[in-house]
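Undergrad: Got a structure for you, questions after.
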Amino acid sequence: MYVGIDVGTSMVKAAAFDTEGRERAVAARPVGLALHGGQVEQDMEEVYAAVVAVLRELTSRVPEPVELAGLTGQGDGVWLVDKEGRPVRPAASWMDGRAHELVDRWLADGTFETVFRRTGSAMFPGCPGPLLAWLDSHEPAALDAATAALYCKDMVFQRLTGSPRAATDVSDASMPFLDPRTRAYDNRVVELLGLTHRRGLLAPVSDPIATAGTRGEGLPAGTRIANGPYDLPASALGAGVTSPGDGLLIVGTCLASLVATTELDLSGEPAGLYISTDRPGHWLRAMPAMVGTAALDWVLTTTGVPHDEVDGLLADTPPGAHGVRVLPYFAPSGERAPFVEPRLRAELTGVSLESTKGDLVRATCEGIGYAARHCLEAAGLTGTLAVCGGGTRSSAWMRLLADVLGRPLGVVEGEVGARGAVLAAAERYGVALDAEEWTRPTAVVEPDARRAAYYAKGYEEHLDRLEQARARI
């Protein structure tokens, strides 16, 4: 048995795979998000307890011995720990918006662009740079008490293995301090963000990813485990997206667009980031929009529509949703891809007393599709496109997405991030697995030519509405 652990934003999952990559079992447990005044935090002890619980459940259901485990999880945010790996304060999530004024200031004074030109990272309020700078100003005692500012999976790895040394990998370190050419921290960027005196909090970068044996919580003691990459590049591995030009769309809490590339272009509008991979000279051009399924979840909760009715509503409502339109920028911290606007908010227009719940649901799904198309174009998609994430459970939404994007979608179902984490661990330990077999699409969804032409015009209208919304900020 091969185990992949994916520590998501709202759900912790562990999946068991056999040698051929077949998913044998999945265990999952939700974890909470505390939202208050634009701040979004998580209880690290709750997150770690969820990891241990899902591993215990998984290993009890699949009795074969664990050959190997791979770990991935949400990126960005700040997870402060002490020398024992214990939390100093709640983790600040990647969805956190408290540092938006800092990002606004850096956008105005040129710091933001300078950082992008050096690292390929377009900062947003929930990434470590702004969050650490905010904490340094408002909660310096927390930083004083910490020995490391980690990412989610790094905290879990240290606790599972009992490692005395905190570390991260090149993928998580990519935002915003890593020089993608040298694969080391850029101290000039640390200085520009006013964090030179906190430089010691940045976890050492393990290149390649760190490995260790577990200490017996959740997995048998001594189980071989590898730390990373984080969930976006892990999903790219799990979907087989490694050839330049090929892309992946992750329809999850975050709407992430990734395109594999061997070219590092730090010109153009600063947005998204270049994620360093385990292969030097290979990157993922990432445009991770802030909100994906979270936008639809909000609409469903607000309208009282259960998830299992989405397909029926989409089938009963025509393209264009009877004139209802949604700009799906629901995150408290605005948007980060394919542009950065910390103050941008969602807009719902064209609603009348005749509008139905189906119109609201379809308009939201269409708006998310337009945002995805914007991100994929900016990321340089030229090859095939795979899609994964919770949104793939809706076959009607996948057909809608194929039409909005105007291209076939290779749907990769199951726990794709966990699958990629196992493949990364196998590479690190020299375990031979057939990556092509492990990453084969489960279905291909073709676009309808007539609807694709309709949505091509709708996409241009979406860009016009977006430009007007940005101009009002």
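The values are calculated or read from the model by the stated rules, or taken from the named source; none is laboratory data. Note that the structure is predicted; figures quoted are calculated from it, not measured. Note: ideal-geometry Cβ built from the backbone for every residue, glycine included; neighbour counts use all protein chains shown. All accessible areas refer to the heavy atoms of the entire protein, side chains included, with ligands and DNA or RNA removed. Shrake-Rupley method; radii C 1.70, N 1.55, O 1.52, S 1.80 Å.
Undergrad: Of all residues in region 1-13 being touching a residue at least 24 places away in the same chain (Cβ under 8 Å) and more than 13 Å from Lys153 (Cα to Cα), which is most open to solvent (accessible area, probe 1.4 Å)? Full working, then the answer.
TA: From region 1-13, those touching a residue at least 24 places away in the same chain (Cβ under 8 Å) are 1-10, 12-13; that's our starting set.
Pick out the ones that are also more than 13 Å from Lys153 (Cα to Cα) and you get 1-3, 10.
Details: Met1: 29, Tyr2: 22, Val3: 0, Ser10: 53 Å².
Looking at residues that are touching a residue at least 24 places away in the same chain (Cβ under 8 Å) and more than 13 Å from Lys153 (Cα to Cα), I get Ser10.
Table: residues versus (1) within 22 Å of the chain's Cα centre (by Cα); (2) closer than 20 Å to Glu269 by Cα; (3) surrounded by fewer than 18 Cβ atoms within 10 Å (Cβ to Cβ).
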| position | (1), (2), (3) |
| --- | --- |
| Lys83 | no, no, yes |
| Trp94 | yes, no, no |
| Leu102 | no, yes, no |
| Glu113 | no, yes, yes |
| Arg117 | no, yes, yes |
| Cys127 | yes, yes, no |
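Undergrad: Continuing with this model, one more query. Go through region 34-47 residue by residue and tally those that are open to solvent by less than 10 Å² (accessible area, probe 1.4 Å) and either under 19 Å from Gly417 (Cα atoms) or of a type in the set (Asp, Glu) (or both).
TA: Our first condition is that a residue be open to solvent by less than 10 Å² (accessible area, probe 1.4 Å); within region 34-47, this holds for 40, 42, 44, 47.
Remaining after also requiring either under 19 Å from Gly417 (Cα atoms) or of a type in the set (Asp, Glu) (or both): 47.
Total meeting the criteria: 1.
Undergrad: Which one of the conditions (1) assigned to a loop (DSSP other than H, G, I, E, B); (2) at pLDDT 95 or above; (3) open to solvent by 50 Å² or more (accessible area, probe 1.4 Å) does Asp265 fail to meet, given that it meets all the rest?
TA: (2)
Undergrad: Scanning region 297-346 for residues that are crowded, with 17+ Cβ neighbours inside 10 Å and among the polar types (S, T, N, Q), which turns out nearest to Ala99 (Cα to Cα)?
TA: Restricting to residues being crowded, with 17+ Cβ neighbours inside 10 Å and among the polar types (S, T, N, Q), the top hit is Ser333.
Undergrad: Yes or no: region 114-122 includes at least one residue that is of a type in the set (Lys, Arg) and assigned to a helix (DSSP H, G or I).
TA: At the first step, the residues of region 114-122 found to be of a type in the set (Lys, Arg) are 117-118.
Those still in the list that are assigned to a helix (DSSP H, G or I) too: 117-118.
Yes; the residues of region 114-122 include at least one that is of a type in the set (Lys, Arg) and assigned to a helix (DSSP H, G or I).
Undergrad: Just name the residue that is nearest to Leu423 (Cα to Cα) out of those in region 236-259 that are in contact with a helix residue (DSSP H, G or I) (Cβ under 6 Å, 6 or more places away or on another chain) and either open to solvent by 10 Å² or more (accessible area, probe 1.4 Å) or assigned to a loop (DSSP other than H, G, I, E, B) (or both).
TA: That would be Leu237.
Undergrad: Okay, next question. With the structure loaded, tell me whether Leu249 is at pLDDT 95 or above, among the aliphatic types (A, V, I, L, M) and closer than 21 Å to Arg373 by Cα or whether it fails that test.
TA: When the stated conditions are applied, Leu249 passes them.
Undergrad: A follow-up question, please. In region 57-73, which residues are surrounded by 15 or more Cβ atoms within 10 Å (Cβ to Cβ) and either modelled with pLDDT of 95 or more or of a type outside the set (A, V, I, L, M) (or both)?
TA: Here is the first cut: in region 57-73, the residues surrounded by 15 or more Cβ atoms within 10 Å (Cβ to Cβ) are 57-59, 62, 66-73.
Of everything in region 57-73, those that are surrounded by 15 or more Cβ atoms within 10 Å (Cβ to Cβ) and either modelled with pLDDT of 95 or more or of a type outside the set (A, V, I, L, M) (or both) turn out to be Glu57, Leu58, Thr59, Val66, Glu67, Leu68, Ala69, Gly70, Leu71, Thr72, Gly73.
Undergrad: Just wondering, is there one or more residues in region 207-225 that are within 26 Å of Thr262 (Cα to Cα), of a type in the set (S, T, N, Q), open to solvent by less than 20 Å² (accessible area, probe 1.4 Å) and touching a strand residue (DSSP E or B) at 6+ places or on another chain (Cβ under 9 Å)? Steps first, please.
TA: Pass one, region 207-225, residues within 26 Å of Thr262 (Cα to Cα): 207-210.
Now restrict to residues that are of a type in the set (S, T, N, Q): none.
Checked against the condition, which is being within 26 Å of Thr262 (Cα to Cα), of a type in the set (S, T, N, Q), open to solvent by less than 20 Å² (accessible area, probe 1.4 Å) and touching a strand residue (DSSP E or B) at 6+ places or on another chain (Cβ under 9 Å), region 207-225 yields no hits at all.
Undergrad: Looking at Tyr455, is it in contact with a helix residue (DSSP H, G or I) (Cβ under 6 Å, 6 or more places away or on another chain) and crowded, with 22+ Cβ neighbours inside 10 Å?
TA: Working: in contact with a helix residue (DSSP H, G or I) (Cβ under 6 Å, 6 or more places away or on another chain): yes; crowded, with 22+ Cβ neighbours inside 10 Å: yes.
When the stated conditions are applied, Tyr455 passes them.
Undergrad: For the structure I just gave you, tell me whether Glu415 is acidic (Asp, Glu), on the phi < 0 side of the Ramachandran plot and surrounded by 20 or more Cβ atoms within 10 Å (Cβ to Cβ).
TA: Working: acidic (Asp, Glu): yes; on the phi < 0 side of the Ramachandran plot: yes; surrounded by 20 or more Cβ atoms within 10 Å (Cβ to Cβ): yes.
Spelling it out, Glu415 is indeed acidic (Asp, Glu), on the phi < 0 side of the Ramachandran plot and surrounded by 20 or more Cβ atoms within 10 Å (Cβ to Cβ).
Undergrad: Now a separate question. Residues in region 464-473 that are of a type in the set (A, V, I, L, M, F, W, C), part of a helix (DSSP H, G or I) and open to solvent by 50 Å² or more (accessible area, probe 1.4 Å): how many? It would help to see each step written out before you state the result.
TA: Start the filter on region 464-473 by keeping residues that are of a type in the set (A, V, I, L, M, F, W, C), which leaves 466, 469, 471, 473.
Applying the additional criterion that residues be part of a helix (DSSP H, G or I) yields 466, 469, 471.
Still in the running and open to solvent by 50 Å² or more (accessible area, probe 1.4 Å): 471.
Of the residues in that region, 1 qualify.
Undergrad: Now, a different point. Show the residue pairs meeting these rules: Cβ distance below 6 Å; 6+ apart or different chains; first residue within region 323-343 and farther than 25 Å from Val361 by Cβ and touching a residue at least 24 places away in the same chain (Cβ under 8 Å); second residue in a loop (DSSP other than H, G, I, E, B) and open to solvent by 20 Å² or more (accessible area, probe 1.4 Å).
TA: Arg343/Ile473
Undergrad: While we're on this one: Could you check, for region 391-405, whether at least one of its residues is under 20 Å from Ala236 (Cβ atoms) and in a loop (DSSP other than H, G, I, E, B)?
TA: no
Undergrad: Restricting to region 132-183, count the residues that are within 20 Å of Thr111 (Cα to Cα) and touching a strand residue (DSSP E or B) at 6+ places or on another chain (Cβ under 9 Å).
TA: The number of residues fulfilling the criteria is 11.
Undergrad: Oh, and also: Could you please let me know if Val31 is open to solvent by 10 Å² or more (accessible area, probe 1.4 Å) and under 13 Å from Gly8 (Cα atoms)? Steps first, please.
TA: Numbers: open to solvent by 10 Å² or more (accessible area, probe 1.4 Å): yes; under 13 Å from Gly8 (Cα atoms): yes.
So Val31 fits the description; yes.
Undergrad: Still on this structure: Quick one: count up the residues across region 177-196 that are closer than 13 Å to Ala133 by Cα and touching a residue at least 60 places away in the same chain (Cβ under 8 Å).
TA: 5
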